Amino acid sequence: MELSNKVALITGAGSGIGEAVALLFARHGARLVLTDVDMAGLDRVAGLAKAGGAQVITVRNDVSVATECEAAVEAALKAYGRLDIAVNNAGIGGPAALTGDYPLDGWHQVINVNLNGVFYGMRYQIPAMLKSGAGSIVNISSILGQVGFATASAYVAAKHGVVGLSKNAAMEYAAQGIRVNSVGPAFIRTPLLTKHLTEEQLTGIAAMHPIGRLGRPEEVAELVLWLAGDKASFVTGSYYAVDGGYLTR
């Protein structure tokens, strides 16, 4: 029960990595604030967490809208009186196009969700954590927060931005007891990936990882749990890849 009675806000909790983090946190005693734009998925995950005995509230939250991110934090404070942990996980893939052809609306959408959404989350999570006296923020970046990937300029730019933003906030708030780290998953078998690709394509992507397969959401969640909890008390401003060796290439 590494997170016993700690209040954790998780964005994009309706599926994939967010779902895995929510259910693992629930098993470790966290009181949960789960957010997503997919309310059906969110209700399903909340039901699973509650069935295991967890305290859970759900909030519809489009992370690209600052006022909705503020409302999610306010909901946490209203329900539990504090905020100890935040996992800024919500994200989208965006269009696939070369930089010179990249659609402007797609660019703005990816940046708004994947980068602005993390900033908006921290903008309201940090003041709440300061009132609680400490906190841990884990921002989900990507292996593409470290390297490029043709036809994904918006996603690559946003995820690089998440790594830099996390480092900066970590530096600013370390003395006040708030730790901020980022996690870089490689290609993980989640709906974000599988709904757009065939099994043949997924097999090809799996071969890009020296370990020879796609990652599982639960494998990412285990790292997030460690970073969120007190066992990582001397860790802040760091980027951790969960990538099956992808970045060794």
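What follows draws every value from the coordinates through simple rules; no lab data is involved. Remember, predicted model here, so these are calculated numbers, not experimental data. Here the Cβ is made from the backbone with ideal geometry for all residues, glycine too, and neighbour counts use every protein chain on show.
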Check your understanding: With the contact rule set at Cα under 8 Å and sequence spacing of 6 or more, what percent relative contact order holds for the chain?
Key -> 19 percent
Check your understanding: Want the number for residue 234 to residue 43: 0.36 nm per residue separation, take away the alpha-carbon distance, what's left?
Key -> 65.3 nm
Check your understanding: What is the Å³ per residue value for the convex hull set by the Cα atoms of segment 86-203?
Key -> 102 Å³
Check your understanding: Cα centroids of segment 28-74 and segment 147-171: how far apart, whole angstrom?
Key -> 25 Å
Practice item. Taking the Cβ of each residue in 6, 167 as the centre, tally the other Cβ atoms inside 10 Å and list the residues starting with the fewest. Key: 167, 6
Review point. DSSP H helices in the chain with Cα extent of 20 Å or more along the helix axis and mean Kyte-Doolittle hydropathy at least -1.0?
Key: 66-80, 117-132, 153-173
Check your understanding: What value does the chain have for Rg/Rh, both radii from Cα atoms and Rh as Kirkwood defines it?
Key -> 0.95
Study note, to complete from the structure: With the charge dipole of segment 132-249 built from beta-carbon charges (+1 for Lys and Arg, -1 for Asp and Glu) about the Cα centre, the Cα from 152, 220, 201 projecting farthest to the positive end belongs to 152
Practice item. Would you work out the relative contact order for segment 140-249, in percent, from Cα pairs under 8 angstrom that are 6 or more residues apart? Key: 34 percent
Check your understanding: At q = 0.18 Å⁻¹, what log₁₀ I(q)/I(0) does a Debye calculation on the Cα points of segment 67-117 give, no solvent, two decimals?
Key -> -0.68
Check your understanding: Any idea what the dipole of segment 7-239 comes to, in debye rounded to 20, about its Cα centre with Lys/Arg Cβ at +1 and Asp/Glu Cβ at -1?
Key -> 560 debye
Practice item. Show me 39-48, 109-118 ranked by packing, highest mean number of other Cβ atoms within 10 Å first. Key: 109-118, 39-48
Point to revise | Debye log10 I(q)/I(0) for segment 136-249, one point scatterer per Cα, at q = 0.09, 0.12 Å⁻¹ | key: -0.26, -0.45
Check your understanding: What ranking of 187, 234 emerges when the number of other C-beta atoms within 10 Å of each C-beta is taken as an exposure proxy, fewest first?
Key -> 234, 187
Check your understanding: Where a ≥ b ≥ c are the square roots of the eigenvalues of the C-alpha gyration tensor, would you call segment 125-193 rounded, which needs a/c under 1.5, or, failing that, prolate if a/b is larger than b/c, or oblate?
Key -> prolate
Practice item. Kindly provide the helix-only [θ] at 222 nm of the chain, computed as the sum of -39,500 (n - 2.57) over DSSP H runs of four or more divided by all residues, to the nearest 500 deg cm²/dmol? Key: -13500 deg cm²/dmol
Revision key, fill the gap. Plugging the Cβ-Cβ distance of residue 50 and residue 123 into 1/(1 + (r/R0)^6) at R0 = 25 Å yields, to the nearest 0.05, a FRET efficiency of 0.25
